[in-house]
Every structure is written in structure tokens, then in C-alpha cells.
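Beneath this line is the structure, given in C-alpha cells, with notes to follow.
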Amino acid sequence: MIARKTLALAMTGLMLAAAPVLAQPTEIRIGVALEPPALDPTAGAAEAIDVVVYQNIFEGLVRIDQTGAVQPGLAESWTISDEGLTYRFKLREGVTFHDGTSFDAEDVKFTFARLLAEDSVNAQKALYTAISDVSAIDPTTVEFTLSRPDGLFLFNLGRGDAVIVAPESAGNNAAEPIGTGPFAFIQWDRGSRVVLEQYGPYWGEKPALTKATYMFISDTATMTNALLAGDVDGTNNFAAEALAVFENNPQFKVLVGSTEGETILATNNRREPFSDLKVRQAMAHALDRQEIIEGATYGYGVPIGTHFAPHHPYYLDLTNTYPHDVEAARALLAEAGYADGFSATLKLPPVAYARLSGQIIASQFAEVGISLELVNMEWAQWLEDVFANKDFDLTIISHVEPFDIGIYANPDYYFGYDNPEVQALNETLNATTDEAERKRLAQEIQTIIARDAVNGYLFELAQTGVWNAKLEGMWQNAPVEGVVLRDIRWVE
Amino acid sequence: MMRKLARQHPSLAIGLLAAGIFALLGLVSLWWTPYPIDQIAISRRFLGPGWAHWLGTDHLGRDMLSLVMSGMLTSFVVASLGVLIGVGIGVPLGLAAVAWGGAVEWLVLRFSDLTFAFPAVIVAILIATLAGPGATNATIAIGIFNIPVFARVARGGALAIATQDYVAAARLAGLGRATIAARHLLPNIMSLLIVQGTIQLSLGILAEAGLSYIGLGTQPPATSLGLMLRDAQSLFLIHPSLSLIPGLTIVLVVIALNIAGDGLRDAMDPRLRHQGLSHGAG
């Protein structure tokens, strides 16, 4: 009896050991640094949510592809009225949610009613305020009416914030997300991983992967070992400092791409002495961007001189507005009445680029007489103190939302920049659909905020993915937050 | 004198000398380091050991020797203050337990059991949650962890002394309990306390490094050996010397202090060798 049991156990062991060899590689384990606080992308700002769910579990009417272009999603086609105020979407048929309920125009209507409701917790609600009405013409046709033209309307519909949810399941999406995407949610072991499995009845082309596991590994050394040991098959964004480990290793491929993350030395424009333009200009002169990029991103960041992504066609290179010049910085400080410099605090969230940039900037500012006290914070505390209560002098943060220059038109935003000229320009920009005119307006705003040195403009965050060399189809750039599994496959 | 010490107690001499050199290096960093430790120069980072930088430079181009010196100071200061807190509160508690006995003794023992139940790291996490991370809070956490250690050592030593005839004589002469504890018990357990202090100093240095390593101790731009390890850990495969230098320094300091502690114990009271002092680890 005992012998038989032992034999059975041994055979189970053999089968377990043999399984990975025999099975077609259609599963993937992706290491990501941050665990999402919840899994509902329509109810939270955390990028970590989109990394797991965007275009995998949830889909929008349109989707953003890896070049940043808008592609059909749950809407297979659309027409726009001449004045740009009415969008009519033709929805796909035969689409079902992962709980089996079917998708139709009523779900779209529900999604946007929920998003725009008074008590909505959507992080990007402001992007959709142009919508004045959503009506279901028939089960496969939806019409959006806008109160003003919005040049970014389609792009915004493709964000994770506007994915379509069902009235039956929307309330539980934070813990048990149910969408229409190619992958269905299986389980979430908090503190460890989220497991997704291919959704059989998916309406579109079946992805090559059958199962995907997101493993949450926040420590760089642990991630390095997990990659080297083959415990994870790749990560979308690996710490630049240790990238050299994988660069010349033929078993891995390193994908260096751009993101939408403008990393800035955010400055509290409400507070003395930062309310003084001369002080902000002095700080801009004191920054040595090249050294910060080298030190904090190991050369992978791209210098920016304003709040705009360098790979965007509207981008204007303003990095020379205030070149690194210690003498000029001292002179400006003296003119502003701070000949002996001043002291301030620099609050740093728990991300490597911020902590490293912080130490380097403190050293650079010390040269012109500004002494910075570094205060390291956890995310929750940073969000509350800096972002919500605006209780800070300086902080370092990457703004990862695409095309987010509109935050400079909001005087209540955390850095408190109040310039009626920019506010008017931004309003015109939002209402303009002509491409050339939009570009001119966007560049004018870029120039003004650069000249006003609203914040210290440091660099555009790079995305440095490390993947198993046998994997293909990962996004190199990140035009929108997310790790899209659709095209990822193993090749031998 | 030194030569005699080296002949009679070689381990004590070696341990004291090594620990003294390390402490001196730390002290010197108050006035002088080869390079200022807050001077960041990315262009010269990851330099190997050489003439300009004896131990090389770190990921921000700071001189490793300067960082080690300054980190050593942090380690010694935090650990010594931790010992002072432990002695200052623990010893009076231990002596009181012996002098008064009864309910006082019961209270002191239960209190030290309770504190022993929480390792230094847990206490530090608690303090860091309440007051934020920092060197001061690490000091307090290590100090709290030291209190029951010294209370027990003081009580253990004093119990043996309390049965001596001269203590009884002092009591007959009308001296109060507190006076007896201070005049007769304390001087006689001094050697015990000094030896235990050396051991706790080395444990304190380890604890400070551990707390800084997990981010609860010293915060940048100040530096400590544990913080250097923390900064270097993701770079270990590329630049191992950044981890090895602070790591080896911690090992050497702790070994030096332990050798010195053992030597002190032998030198002060050979009988203690057989009793064996508790090396209670955090």
C-alpha cells in the first residue's frame, strides 16, 4: 500500500516535471514592479491597473495601437459630423462579456453615464466633459453628442479610463473585473500575482497566448534574479541601473522605447519663493539636465524643455530656454532678493528616478546656494500630502498621461500655475480640430510654460523592457499605459 | 602597558585596536573626508579602486572611502546611543528588581519578557510608522531592544552580590535600598555591564545596518553602511565592489567588537568565561 502510494507520488512528480517540456509554450509570466490597488481602470489613476487590464480584460470603443494611432475596437466603424459635434459608432455584433452577458449599445450608454455621473470616481473624468449626450439608436449603433469640438475625443475613448463595462458587473470590477477583452480574469493572489486566461468566445482574432500571469516584484535585485532564473519571462519596465546585466545576454532582448512620462521637478507656484518668476528661472539655470539623465536614468531618458513628449509631432525643443548656467542662476537669485540662497524641502515618491534625481538636484542646487532637504515618502502619503493637499515646496514626478498639457490650464492643480493666457489658449486648443492650428496652439502653450519655468523640466521617461529572446510582439513604446498581450507570442 | 596587554590578552588587544581604528575613522569624518560625501559627480561614477579614490566611487560618483568613513560614524553613534539608552533604563530596572524584589521584580521581569518578544526590527517598523523613518528612530528602536538585555544582566549579576555579607552589613547600618543598589551592587556588576555593552554595541551596528537596509534607518543624503548596501543591491551583478565594501566593513567592525568583548570578559573576570554571557541577538 505504502509502496503503491510512493509510486503514485513519484509518477505525479514525473508528470509535473515533464509538463513544461511537452506543452506548447503559450503561457507567459510577466514581472511588473507595482501591484495595482484595484483592477477597475475606470475608477483609479494608478498606471499599474492599466498594465494588467488594458486591452487584455477590458476594451473600449476604439483602441490605441503601439504607434499611438486610434484603431477600431468594440466599434467597428464610425462617422463624424462635419462640425465635429456628433460621433456615430457602429458596434460589433456577437460580443460577450466574460460572464456571458452580451454587449450592446445599452452597455456603452451605461458606461458613459457612470463615468460622467456626479459621484463618478473616474480619474480622468475631465477628459470626457465635452460629452453632452450618449444615445443608443439601436442595439449596434451609438451616437455621442459633444457640446464643443474635441480634437482628442477618439484618442480619449481609447484610454483605459473609457473601457466599456456592463451594468451587471461594473460594481465588482475592482476585485473581479469583467470585460469583453481577449483575456478573462481568473484570480488575484494579493501581494503576489494576477492570473488571466484566454477567453474562448472572444469576438476577435484569438491571441497566441492562452494564459498570462502578472507577478508583482518591486525589488530590482529580486526581479533581476527572477529573470535570470526564468521565473518570469519578461518585464515591461526594468530598472535602468541594472539593465547592463541583460544587454549582452543572448537569452534576453532589451527593448528601449519612449513613454508619455514627462518627469518634472514640480514646483509649488503658490508658495514663496517659488511664486517669483526669477527664482524659478534661477532654478532652471541651476539644473544640469544631462547629469540628471545620466545619473537617474543611465542615459535612457530624453531631455525635455517643456511639458510635452519629444516623439509627439507637436513637440517643440525648448531645452535651451534656460541652459545650465550657475552664474546666471546666482545672479537671478540675487535679483530676486535671495543673494544668500534659501532652503526648501523636496518630497520624493518611492520610485528610483525620483530618489536618484532628488539627490543629484540637491547637489546641483547647493552650488547656487539653494539647500534642499530630501523627504522620502511612500505613495499613499505622497498622494495625500503633495497631490491632494498641495503641501509641498518641490517634488519629482513623472506625468504619464498622454497629451496632458491641459493641466497647466487648471489653477487648482497641485503645482498651482495660474495663467489666464494659457487657460484661454488651452480652451481654444480643445475646441480646434484643424491639425495645423492645433499644433500652433500646443506649441504656443509649450513655449509659455517653458519661459515661465513653471516646473523644472527634466526628461521623458524611457521604457526599458527586458524579455525572453524567444518572445515577440511586445510594445517597444508606451503611447498609452498598459502591457498589451494581444500580439505577444513565443517563437522557436 | 599596551605591550603587556598584548601579551596577556592578545584577542583583547587586537579587537580593541581594530575597533578603535574603525571608530577613529568615523570620528575623523566629522572634520575631514577625502571628498565631501554630498558632492555628486555623475561623470566619475563606478570608478574602480585607484589612487584618486582608494575604494572607488559609487553610482552617483561619490567617493566610497568617504562614504564608508561617514557611514561608520553613523553606525557607531546610533549603536552607542542605543547602548546608552539600554544602560540608562535597563540597569536601574534590573537593580530595582533585586533591591526591592516582590512585585517590582515581577513587573521588571514581565516587562523585559514583553520587550524581548518584539525584535528590534518590529519595534523599528512600529516607530517608523508612527514617526517616519530616520536615524533617530532607529536609535530609539535599538535602545528599546537593549533595555531588557541590560535589565536582565544587571539583575543576574546583582542577585549574586545581594547575598554577600557586606550588603547585609550595609542594610544593618541603615542604608536605604536605593543607596545599597547604587553603592554596593552597581560597582560590582560594572565589569559585566561593560562586557555586555561591547556585545550590544556590535549588535547595534548590525541592527542599524539592517534597519537602514530595509529603508527604516538613516535616510539620504546622510549615509550609513546599511544604506550603502541598499543602494548597491540592484547593481550587485554589475558592480559587486559597491556591495562588498560596505558589507565587509560591517563584518570587520562586528568581528572586532566581538573579539574585544570576549577579550574584555576574560581580562576583567576570568570566572565569567565559564558562566558565558548571553549573546541575545535581535
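Which one, B:223, B:268, B:209, projects farthest toward the positive side of the charge dipole computed for the stretch B:62-273 from Cβ point charges (K/R +1, D/E -1)?
It is B:268.
If you fit an axis through the alpha-carbon atoms of helix B:102-117 and take the longest principal axis of the Cα set of chain B, what angle between them do you get, 0 to 90°, nearest 10?
The angle comes out at about 20 degrees.
Considering only C-alpha atoms, what is the centroid distance from the stretch B:1-42 to the stretch B:117-146, in Å?
27 Å
Over the stretch B:62-273, what lengths in whole Å, largest first, do the semi-axes of the equivalent ellipsoid take, defined as the square roots of 5 times the eigenvalues of the alpha-carbon gyration tensor?
On the way: eigenvalues 296, 71, 27 Å².
The answer is 38, 19, 12 Å, longest axis first.
Dipole of chain A, Cα-centred, from +1 at each Lys and Arg C-beta and -1 at each Asp and Glu C-beta, to the nearest 20 debye?
Working: 33 positive and 67 negative charges, 274 e Å.
Computed charge dipole of chain A: roughly 1320 debye.
So which residues of the stretch B:40-56 lose at least 50 Å² of accessible area, probe 1.4 Å, when you go from the chain by itself to every protein chain present?
At a threshold of 50 Å² (probe 1.4 Å), the residues of the stretch B:40-56 that become less exposed are B:40, B:42, B:45.
Could you tally the net charge around residue B:159, taking each other residue with its Cβ under 12 Å from the Cβ of residue B:159, Lys/Arg +1 and Asp/Glu -1?
Details: positive: B:152, B:155; negative: B:105.
Local charge sum for residue B:159: +1.
For residue B:209, what is the net charge nearby, where nearby means another residue's Cβ is under 15 Å from its Cβ and Lys, Arg count +1, Asp, Glu -1? Walk me through the numbers before you get to the answer.
Working: positive: B:230; negative: B:208, B:231.
Computed value for this residue: -1.
Can you tell me the orientation of helix B:241-268 relative to chain B, as the angle in degrees between its alpha-carbon axis and the longest Cα principal axis, to the nearest 10?
Approximately 20 degrees, to the nearest 10.
Please give the total accessible area that chains B and A bury against each other, computed with a 1.4 Å probe and expressed in Å² to the nearest 100.
Details: alone 14250 and 21120 Å², together 33800 Å².
So the buried area, both faces added, is about 1600 Å².
How large a share of the accessible area of the stretch B:62-273, in percent, is made up of carbon and sulfur atoms when the probe is 1.4 Å and the other protein chains stay in place? Provide the component values of the computation, followed by the final result.
Values: 6210 of 8750 Å².
In the stretch B:62-273, the share of accessible area belonging to carbon and sulfur is 71 percent.
Which semi-axis lengths, in whole Å and largest first, follow from the square roots of five times the eigenvalues of the Cα gyration tensor of the protein assembly as shown?
One finds semi-axes of 58, 34, 26 Å for the protein assembly as shown.
Give me the net charge for the shell around residue A:334: Cβ to Cβ below 11 angstrom, other residues only, Lys and Arg +1, Asp and Glu -1.
Numbers: positive: A:278, A:330; negative: A:327, A:335, A:340.
Neighbour charge sum, excluding residue A:334 itself: -1.
Per the Kirkwood formula on distinct C-alpha pairs, the Rh of the stretch B:47-109 is how many angstrom? Could the numbers behind the result be given before it?
Details: mean 1/r = 0.0666 Å⁻¹.
Evaluated on the stretch B:47-109, it is 15.0 Å.
Of the residues B:236, B:46, B:116, which exhibits the maximal mean-square fluctuation in a Gaussian network model of chain B defined by a 10 Å Cα contact cut-off?
B:236
Using a 1.4 Å probe on the protein chains only, how many percent of the accessible area of the stretch A:255-306 belongs to carbon and sulfur?
On the way: 740 of 1500 Å².
C and S atoms contribute 49 percent here.
Eight or more residues apart or on different chains, and alpha-carbon atoms under 27 Å: count the Lys pairs in chain A matching that.
14
Can you give me the C-alpha center-to-center distance between the stretch B:155-173 and the stretch A:353-388, rounded to a whole angstrom?
58 Å
With springs connecting C-alpha atoms under 10 Å apart, model chain B as a Gaussian network and identify which of B:191, B:66, B:234 has the largest mean-square fluctuation.
Largest GNM mean-square fluctuation: B:234.
Helix B:10-31 versus the longest principal axis of chain B: what is the Cα-based angle in degrees, 0 to 90, to the nearest 10?
The helix B:10-31 is inclined about 60 degrees to chain B.
Which one of B:267, B:207, B:103 has the biggest mean-square fluctuation once chain B is modelled by GNM with Cα springs under 10 Å?
Top of the fluctuation ranking is B:103.
Counting only heavy atoms of protein chains, what accessible area per residue, in Å², does the stretch B:62-273 have with a probe of 1.4 Å? List each step's numbers first, then the result.
Details: 8750 Å² over 212 residues.
Accessible surface, normalised per residue, equals 41 Å².
Taking Cα centroids, how far is the stretch A:414-466 from the stretch A:94-131 in Å?
Cα centroid of the stretch A:414-466 versus Cα centroid of the stretch A:94-131: 29 Å apart.
With a 1.4 Å probe and every protein chain kept in, tell me what percent of the accessible surface of the stretch A:71-173 is carbon plus sulfur. Before the final figure, lay out the partial values.
Working: 2130 of 4370 Å².
Ligands and nucleic acids excluded, carbon and sulfur reach 49 percent.
Compute the accessible area of each residue in the stretch A:356-371 twice, once for its chain alone and once with every protein chain present, using a 1.4 Å probe on heavy atoms, and list those whose area falls by at least 30 Å².
The answer is A:356, A:359, A:360, A:363 - residues whose exposure falls by at least 30 Å² when every protein chain is included.
Which sequence of B:213, A:314, A:338, A:353 reflects their accessible areas, 1.4 Å probe, from the largest down?
Details: B:213 85, A:314 10, A:338 55, A:353 35 Å².
Final ranking, largest accessible area leading: B:213, A:338, A:353, A:314.
Averaged per residue, what accessible surface does the stretch A:22-162 expose to a 1.4 Å probe, in Å²? Could the numbers behind the result be given before it?
Numbers: 5710 Å² over 141 residues.
Solvent-accessible surface per residue comes out at 41 Å².
The values are calculated or read from the model by the stated rules, or taken from the named source; none is laboratory data. Everything numeric in this text was worked out from a predicted model, so none of it was measured. When we count neighbours, we look across all protein chains shown, and the Cβ atoms used for this are built from the backbone with ideal geometry, even at glycine. Calculation scope for accessible area: heavy atoms of the full protein, side chains included, ligands and nucleic acids excluded. Shrake-Rupley method; radii C 1.70, N 1.55, O 1.52, S 1.80 Å.
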